[in-house]
Structure formats: C-alpha cells, structure tokens
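Chemist: Handing you a structure now.
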C-alpha cells in the first residue's frame, strides 16, 4: 500500500513579502515547464485536482504553497525554460524567485525535477549551477519514469547522479510506487 498525506493548497504569492508565515520545513520545486511538478504534488497527495496540471507549458506564474498534513510545505514554482510572456515579465519572475530562494528561512532543501525520458537539458544544468553557486541544499527527482522501459530506469538514475551529484529519486505519477521513499525524504531531511 503506497502512503499518501492529506494535502491542501494554502496560498499563492508572487514575491517573498507575500509568502505565508509558518514554521514547517519548506521544499520548493524547481524544474522546466511541463516536467511534472503539479503531477508530483497531486500524486503525493493522491488528489488529481489539488495542483492544476496542464499540457500547455508555463501555466504556473506564482509560488503556490501546499501543506502536507502539517508536516511540511511544498512550494510549486514557475517552470523555467518556456514561457509565452514578455522579457520584462520573465525578468520580474527571476528577480522574485531569486529573492525567495535566497532569503526564505523556512526552506529546508530545494528539489529539482528532471524528465527521465530525456537527457538533462541545458537550462537544468544552468539552474543547478546557480543553486551550487549559492551552496543551497538540493536533491533531485526524476519524473515521468513511467515512460522509461524498466531495464533502463537504474541507468537513468545513475546518469543523473553522475551529472548532478547528491541524492536522486525516481518518481511515477501513474503507479505511485516511489511515494513512500520520497515522503520519507521530506519527513526526514
């Protein structure tokens, strides 16, 4: 039986000053647009309607906070790498997100999601370099592992570990077989 946690949406914020004040550990999700951040949240909560999913990249435009059983918070951030918005809007997002990531005291660790069907993309590496430049704690989730042939999963995990270092966890939004491993990570960081 795969465990789930009761989760609820709390609030959306554009910038640090609008973020809610609570003392739970917080885990911001970093990842390309359409990497599966919303599906990740929904699978951990066993609620397909909690975080809005879309086939259109770039739909998340704010920091969306989700409380998991009053144990920890997941912050769904706008994806990087694709957005049909002006350069001015993209620059504003970048400024606000940097301020949030560098100054939010509740952040316990960043979580970078990468798509298991593809090689790590250039902007995934750029994001990781930025995180490492500030020496921020981070671990990696490999999403869409459902679409990878089973014999290749371990090879993909090893490749991501080699390229990024640190801890790497596979994730399946379809059968949820890795939920317990990931929830234990959030509860015990």
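We did not get these values from a lab; they are worked out from the coordinates using the rules stated. Keep in mind that what you see is a predicted model, and the values were worked out from it rather than measured. We place every Cβ from the backbone using ideal geometry, glycine too, and count neighbours over all the protein chains shown.
Chemist: Which residue fluctuates most in the GNM of the chain (Cα springs below 10 Å): 139, 22, 72?
Modeler: Highest fluctuation among the options: 22.
Chemist: Based on DSSP, what percent of beta bridges with both residues in the chain are antiparallel, to the nearest 5?
Modeler: Details: 11 of 30 bridges.
Looking only at bridges with both residues in the chain, the antiparallel portion is about 35 percent.
Chemist: What distance in nm lies between label points placed 7 Å from Cα along the C-beta direction at residue 119 and residue 103?
Modeler: Placing both labels 7 Å along Cα→Cβ, they lie 3.9 nm apart.
Chemist: Ranked highest first by the average count of other Cβ atoms within 10 Å around their residues, in what order do 94-104, 146-156, 111-121 fall?
Modeler: Values: 94-104: 14.8, 146-156: 12.1, 111-121: 19.4.
Listed from highest to lowest mean packing, they are 111-121, 94-104, 146-156.
Chemist: Moving on to the next point. Give the separation of the Cα centroids, the stretch 166-185 to the stretch 124-158, in Å.
Modeler: 12 Å
Chemist: If a/c stays under 1.5 just call it rounded; otherwise compare a/b with b/c (prolate if a/b is bigger, oblate if not). Do that for the stretch 76-146, with a ≥ b ≥ c from the square roots of the Cα gyration tensor eigenvalues. Numbers along the way, then the final one.
Modeler: On the way: a/c = 1.86, a/b = 1.13, b/c = 1.65.
In terms of gyration-tensor shape, oblate.
Chemist: Over the chain, what is the relative contact order in percent, taking alpha-carbon pairs closer than 8 angstrom and at least six residues apart?
Modeler: So the answer I get is 26 percent.
Chemist: Going out from 0 in 5 Å bins, what whole percent of all Cα-Cα distances in the chain drops into each bin?
Modeler: All Cα pairs, binned at 5 Å, distribute as 1, 8, 17, 22, 23, 17, 9, 3, 0, 0 percent.
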